[in-house]
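Quick notes on the structure that follows.
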Amino acid sequence: MRVGVVGLGMGLHLAEWCRRVGVDVVAACDRDPGRRAAAGERLPGAALTGRWQDLLDHRLDGVVLANDFDEHAPLAIAFLERGVHVLSEAAACADEDEGRRLVEAAERSRATYSFAENYVAHPHVRLVRQAVDSGEVGRISLVEADYLHGMSPDGVAALIGDPAHWRGRIAPTAYCTHTVSPVLALTGERPVEVSAFTVDEADARASVVMLVRLSGGALAVTRHGFLQGEPDSHWSWVSVRGTRALAESVRGPGERAWSVRVRAEGWTEPGGRAREEERVPPPLLLDGKAVERAAEGTVLVLRAFRATVEKGEPPLVPVRPAVAASLVGVAGAESLGNGSRPVPVPDVFGDADRR
C-alpha cells in the first residue's frame, strides 16, 4: 500500500507510524523547506515536494492529510476525485457547504474517506464502548467528554494568539472532534442541536463548554481548550451515564488514567448490592511489543485505514460522522455569537445509516 502525506508537522509523526504498521510512504509535501529537510532524514526514499498538487500525479493508493486544521476538505475532494483513498487528520470541513460537498465527493468516488480521529480508538474509550455495546450501561442519558490542556497563560497566548496561525484563526469551538467524535461513536447517534458557552469571560478564547442534544434524546457535555488539571490519558476523559450503570475514565495519574470505572447500582444487581470495579485495558501489540498507551489510537486508525484500502473494510470513522462532528464546532461558534442560544446542527445523514 503506497501513500502520500500532506503536511509534515503531525504528518511526519503519522508517516513514521505508517511505516511501522506496514504502509509504504512514497511521497510527502510541506511548504516549509526546513520540514521537508527533516522529513528527508526520517523518511528515506520518499519523494518530497512543496506543493500538495504534485502528489496527485504520483501512483498512490491513499493519502494522509495533515495540513492546516481548517483546510482539509478541498484537498480531500481533489484526491477522492482521482480515486485516491483519504485519511484526514483534522476537521473534516470548515462550514456546512464544504461538508456537504465532501460527503458528495466521497460517495461519488471509487475511493473512500476515513477520519483519522484517534480519540475514538484510545484505550479508555474502547473500554467504555464495550460496556455500552454489551448493554451493561443501559440506555444512555448523559455523556461527558473532555479535551483539555493545562498550560500557562503565556503558553496559551503563544499558541492561539497569532491570527496568522491556524490555531489563532479558528473559532474556539472548532477544535471539538476529539470530544464530539467519541460521543457519536459511543452513542451511535447524530448531533441535533448545540449551545456553546465561554468558560471564562475574561479569557473568552481559551476554553469552551458545549451542550449537544443527540438524536436519541441524550445530552452530551463537552469541554475543550485550556484549563488546568488535564487528564493523563492524552488530555482525554470520557463518562457515560445510562439507565443501569455508569462507565467513565478513571481520574487518576499515569497509567490509571487509561482505565475505566464501572458502577452499577444495587437495584440492577441480583444480590441487591451496588457493584463497582476498575477495568484495565489490555496492551495493544505491534511486532510483539506493547504500544505506548497514547499511541494506541493512532496505530488502530492506521491499521483500519490499511484494512479499508486493501480489504474493503468500512472506514473506522466514515465521512458523514466526520462531517457531523466538525459541524458541531461550526454551529457552536454561531451559538457563541448569539449569546449561547441553541443552534441546530445541519443533518448530513438523512436516511443514511447513522451508526
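The values are calculated or read from the model by the stated rules, or taken from the named source; none is laboratory data. None of these values were measured; they are calculated from a predicted model. Every residue, glycine as well, gets a Cβ built from its backbone with ideal geometry; the counts of neighbours run over all protein chains shown.
Things to note:
- Exactly one residue out of E96, E104 is surrounded by fewer than 16 Cβ atoms within 10 Å (Cβ to Cβ), at pLDDT 95 or above and not assigned by TED's automatic domain parsing to the domain that holds F197: that is E104.
- Residue within the range 185-192 that is closer than 16 Å to G242 by Cβ, among the aliphatic types (A, V, I, L, M) and at pLDDT 95 or above present: yes
- Restricting attention to the range 116-125 and to residues that are assigned to a loop (DSSP other than H, G, I, E, B) and of a type outside the set (A, V, I, L, M), the residue that is nearest to L246 (Cα to Cα) turns out to be H122.
- Hits in the range 134-161 (condition: out of contact with any Lys or Arg (no Cβ under 9 Å at 6 or more places or on another chain) and either in a loop (DSSP other than H, G, I, E, B) or more than 30 Å from P315 (Cα to Cα) (or both)): S134, G150, M151, S152, P153, D154, G155, A157, A158
- The condition of being surrounded by 13 or more Cβ atoms within 10 Å (Cβ to Cβ), over 30 Å from V84 (Cα atoms) and in contact with a Leu (Cβ under 9 Å, 6 or more places away or on another chain) does not hold for A245.
- From V238, V221, residue being modelled with pLDDT of 95 or more and either buried (at least 17 other Cβ atoms within 10 Å of the Cβ) or in contact with a His (Cβ under 7 Å, 6 or more places away or on another chain) (or both): V238
- Residue within the range 126-133 that is outside any helix (DSSP H, G or I), surrounded by 22 or more Cβ atoms within 10 Å (Cβ to Cβ), of a type in the set (V, I, T) and on the phi < 0 side of the Ramachandran plot present: no
- Residues in the range 163-184 that are in a helix (DSSP H, G or I) and modelled with pLDDT of 90 or more were compared, and the one that is surrounded by the fewest Cβ atoms within 10 Å (Cβ to Cβ) is H178.
- Some residue of the range 271-284 being touching a Gly at 6+ places or on another chain (Cβ under 8 Å) and crowded, with 20+ Cβ neighbours inside 10 Å: no
- Odd one out for Q228, checked against (1) assigned to a loop (DSSP other than H, G, I, E, B); (2) polar (S, T, N, Q); (3) in contact with a helix residue (DSSP H, G or I) (Cβ under 6 Å, 6 or more places away or on another chain): (3)
Here is a yes/no grid of residues against (1) assigned to a loop (DSSP other than H, G, I, E, B); (2) over 18 Å from the mean Cα position of the chain (by Cα); (3) under 15 Å from F115 (Cα atoms):
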| residue | (1), (2), (3) |
| --- | --- |
| H13 | no, no, no |
| W17 | no, no, no |
| G22 | yes, yes, no |
| A28 | no, yes, no |
| A38 | no, yes, no |
| G45 | yes, yes, no |
| L48 | no, yes, no |
| L55 | no, yes, no |
| D70 | yes, no, yes |
